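Notes follow once the structure below has been shown.
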Amino acid sequence: MACNTGTESGRTMDPAVQDLCKKAAAEGIDTAWDRYEKQKPQCGFGELGLCCRNCLQGPCRINPFGEPKTGICGADADLIVARNLLRSVTGGSASHTDHAYSAVQLLRLMTEGKTPYSLKGAGKIPGVAAKLGINTAGKKDEEVAHEIALTALADFGNYSEAPMKWLTATAPAERVELWGKLGILPRNPDREIRQAMHGTAMGVDGSPMNLLLASLKSGLIDGYAGLHLGTDVQDIIFGIPTPVKTEANMGVLDKNTVNIIVHGHMPEVSEKVVEWAEKLSSEAKAAGAEGITVAGICCSGNEVLMRHGVPLAGNFLSQELAIITGAVDAMVVDVQCFMPAITKVAACYHTKIITTQAIAQLPDAEHIPIEPENADAGAQKILRLAIETYKKRNPSKIHIPPHKSEAWGGFSVEAIVGALAKVDPVQPLKPLVDSIVNGTIKGAVGVVGCNNVKITQDVFHVELIKELLAQDVLVVATGCSAQALAKYGFLSPQGAKTYAGKGLLAVLTAVGEAAGLGGPLPPVLHMGSCVDNSRIGDLVGALAAYLKVPIKDLPVVASAPELQHEKAVSIGVWAVALGLMTHISLPPPVLGSPLVSQVLTEGIEGITGGKFYVEGDSHKAAAGILAHIMQKRKGLGL
Ligand code: SF4
Ligand code: MSK
């Protein structure tokens, strides 16, 4: 891992972002990297998780080298760290769960005929309905979809002690049994989030181990009330992704078109922007542009990339630099991962920042609500504002670095199984499992998560995955990790020839050709946004079921090489609860507690079969991941 050095190449390996960092410096604009420099040195107590502000007697902090050893109330390092961790995991779970809840409400309203959205994912309905025990006989798709929405809402209204239906219906039975024995099956997700906040308040839970179990439970809320629920419902509304070709990096912006960036996580916003960009293209032409380009950043971008091949401008740390091209007329944000700094950067250009959600507003932005009932009106307003703004561009400030790469997305589980079925229609997973069994493919890694200003942008994603692919490890990706890899050709068929080992290349070629792609599949399969980590969970679950072993025994590892958000922490906890070794490059703030650190990296393995593996050097991480895969292969007798 290269550390941030303050130079462009220390900040990012992305040539387009390096170029724009120079432009930012020349124009006197601070970016996240400059603000990071001004934060140094960051607080050691905070880094270790040893600061508590849970009551007004504090803040209290623990000195790891001496006194004080407890806060004013007597809470020690283990308790403070465990409480802080639970609050952080719960922050992540709440973010995903609230996102999924919005999608469920949209599905309900849509199936009541109250929105301008229409059902595009009928193919998803039978499978989801079957898992939930909903009878579909003689019912229209909309009716079943409505029942699905009501079933999800019943989880949020569950006042009984019964566990969440979405979890028991969609998680592997072996895991449900284990989590039941551990007493961590969530009931109503809202209730559990409330209870986590209560349990971590001053004078409530004083047991670090009990708090760690609560963190596992919170991870399950993320996995099933956030990720799985979110993906299932979004696929029903917007369609199941299928393989689609696009391009990635700043070069997708076009100086001759109105450029709109969609940023955040909610497809209900980005879908409408894409739809109305097509419909209002003539108005853009009347304003002197050649058309409208919509490009994505973060997971709103991933959602429309997966379903429509909308190009990608960049990932998390690229967001300010996209504005610095001077060619972005509007950046439309919904929820999560947009920096408050973007309005300040936009103020140096003609760019409009447009917020769309009541809970996610910014001073100095235009707020144009996109709600289920008014989405068309809101989207038209956004598009017309972007077209108006285009007329105010300052050509002398425009610089679009030409870099872009071919990238393929759309690899839902259904699409992957569909491609494999072209090789073996009866048992689609057989070719993949056979390749793992005979060692042509050694195992699989799901690489996910963000950029983090503490790590040179994209370097860890790229270096780690390069090594794993060369060692014949199959890689699937989501979130900003998939976007990082997209920028350097890992999501293109050509990338298979460049990066994949011999065995992996043979499998990718056989499946790609059978699926009619005329060449290999990309070496990294883009499975979607952050909530679509559920797709990775389902794929891994299907492999385990086929082999009749628990997930924990598979030669499969998760990795979040440049994690940043609380959501990445809660996703990681869910992956560990599923039984996966989960690599992270930076530890969350837990090192102040030897107990919590030991449980997360070792002790938990005896309980769920998963654990966190912290390694900040990409080369060593690749070796550690590979060693784990080989150990799991041995365990299976392979
Ligand atoms: Fe200090 Fe305890 Fe209050 Fe935390 S809860 S701020 S440790 S007194
Ligand atoms: S957007 S959570 S920076 S992956 Fe899903 Fe990227 Fe991480 Fe946000």
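The values are calculated or read from the model by the stated rules, or taken from the named source; none is laboratory data. Predicted, not measured: the structure shown is a model, and the values here were computed from it. We place every Cβ from the backbone using ideal geometry, glycine too, and count neighbours over all the protein chains shown. Accessible surface is based on the protein model in full, side chains and every heavy atom, while ligands, DNA and RNA are left aside. Shrake-Rupley method; radii C 1.70, N 1.55, O 1.52, S 1.80 Å.
Structure data summary
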item	result
Local net charge near Gly592, Cβ-Cβ under 14 Å (Lys/Arg +1, Asp/Glu -1)	0
Segment 390-509: C-alpha pair distances exceeding 17 Å, %	64 percent
Point-to-point label distance, Gln380-Glu278, nm (Cα→Cβ direction, 7 Å offset)	1.8 nm
As computed over segment 7-61, the Cα convex hull volume per residue (Å³)	115 Å³
Net charge, Arg633 excluded, C-beta distance under 11 Å - Lys, Arg +1, Asp, Glu -1	+2
Overall Cα dimensions of segment 78-238 - principal axes, largest extent first, Å	55, 33, 23
Compactness of segment 494-546 as Cα Rg over 2.2 N^0.38 Å, two decimals	1.29
Nearest-0.05 FRET efficiency for Arg191 and Lys23, computed from C-beta distance (R0 60 Å)	0.75
Sites Asn63 and Gln631 - FRET efficiency at Förster radius 30 Å, r taken between beta-carbons, to 0.05	0.20
The chain, helix-only ellipticity at 222 nm - DSSP H runs n ≥ 4, -39,500 (n - 2.57), divided by all residues, nearest 500	-14500 deg cm²/dmol
Percent accessible area from carbon and sulfur atoms, segment 412-635, protein chains only, probe 1.4 Å	60 percent
Lysines whose Cα lies under 28 Å from that of Lys40, excluding same-chain neighbours fewer than 8 positions away	Lys22, Lys23, Lys69, Lys344, Lys454, Lys567, Lys620
Net lengthening on full extension, Glu47/Lys140 (0.36 nm per residue, minus Cα-Cα)	28.1 nm
Estimated D of segment 236-291 in µm² per second, where Rh is the Kirkwood radius over Cα pairs and Stokes-Einstein applies at 20 °C, 1.002 mPa s	162 µm²/s
Relative contact order of segment 167-310, pairs being alpha-carbon contacts under 8 Å that are 6 or more residues apart, as %	22 percent
Relative contact order, percent, the chain [alpha-carbon distance under 8 Å, six or more residues apart]	17 percent
Loop GluC sites (Glu not before Pro), segment 256-306, which have at most 13 other Cβ atoms in a 10 Å radius of their Cβ (DSSP)	Glu290
Set of lysines near Lys181 by C-alpha distance (under 20 Å), chain-local residues within fewer than 8 positions excluded	Lys165, Lys217, Lys552, Lys611
Surface accessible to a 1.4 Å probe, per residue, for the residues of the chain, Å²	36 Å²
Hydrodynamic radius by Kirkwood, which averages 1/r over all alpha carbon pairs of segment 401-446, in angstrom	12.5 Å
Per-selection Rg to Rh, segment 250-397 - Cα, Kirkwood hydrodynamic radius	0.91
Computed Rg/Rh of segment 412-635, alpha carbon atoms with Kirkwood Rh	0.95
Segment 93-183 - Kirkwood radius from inverse mean 1/r over Cα pairs (Å)	14.4 Å
Neighbourhood net charge (13 Å Cβ-Cβ; Lys/Arg +1, Asp/Glu -1) for Ala122	-1
Between segment 59-83 and segment 598-638, the alpha-carbon center distance in angstrom	30 Å
Label-point separation in nm, Ala514 to Gln427, each point 7 Å along Cα→Cβ	1.3 nm
Mean projected area in nm² (Cα convex hull; one quarter of hull surface) for the chain	27.1 nm²
Computed label-point distance, nm, for sites Ser396 and Met202 using a 7 Å Cα→Cβ extension	5.8 nm
FRET efficiency estimate (nearest 0.05) - Cβ-Cβ, Cys55 to Glu112, R0 35 angstrom	0.20
